[in-house]
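Below is one structure, written out as structure tokens; comments come after it.
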């Protein structure tokens with residue numbers, strides 16, 4: 001005969017799940033609802049990476065060894081994140097200000113002084 005299965009801790013209650021649709025707009029967790037929330041999150045991540053890079057640099061100077069490896073890793077993360085932010089900004093500018101590549105481009109040297117070709 002098999003022994004009965006007994007729960008070790010039957011009194012534990014799990015917290016309820018919170019979905020993104022239930023979160024407030026100023027929530028610090030989950031998916032940001034507005035562009036302002038997303039901008040705050042990006043700024044918070046950037047400041048955290050910069051602080052981590054500075055702290056790991058000071059630690060690497062005094063301790064060396066493994067702290068230098070940690071510092072280089074944080075520097076690589078900071079560089080990658082900065083590149084991602086630049087790419088995001090370029091994509092956003094292209095989306096907000098589309099350039100029509102099919103239209104003929106007129107330059108100042110192509111026009112007469114009165115604006116005619």
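The values are calculated or read from the model by the stated rules, or taken from the named source; none is laboratory data. Note that this is a predicted model, so its numbers are computed, not measured. Every residue, glycine as well, gets a Cβ built from its backbone with ideal geometry; the counts of neighbours run over all protein chains shown.
Values as computed for the structure displayed
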| item | result |
| --- | --- |
| Filter result for residue 55 (closer than 23 Å to residue 82 by Cβ, at pLDDT below 90 and in a helix (DSSP H, G or I)) | no |
| Segment 22-51 residues that are within 15 Å of residue 88 (Cβ to Cβ), paired with ones that are at pLDDT 90 or above and surrounded by 11 or more Cβ atoms within 10 Å (Cβ to Cβ) (beta carbon under 7 Å, 6 or more apart) | 32/41; 42/85; 45/81; 46/81 |
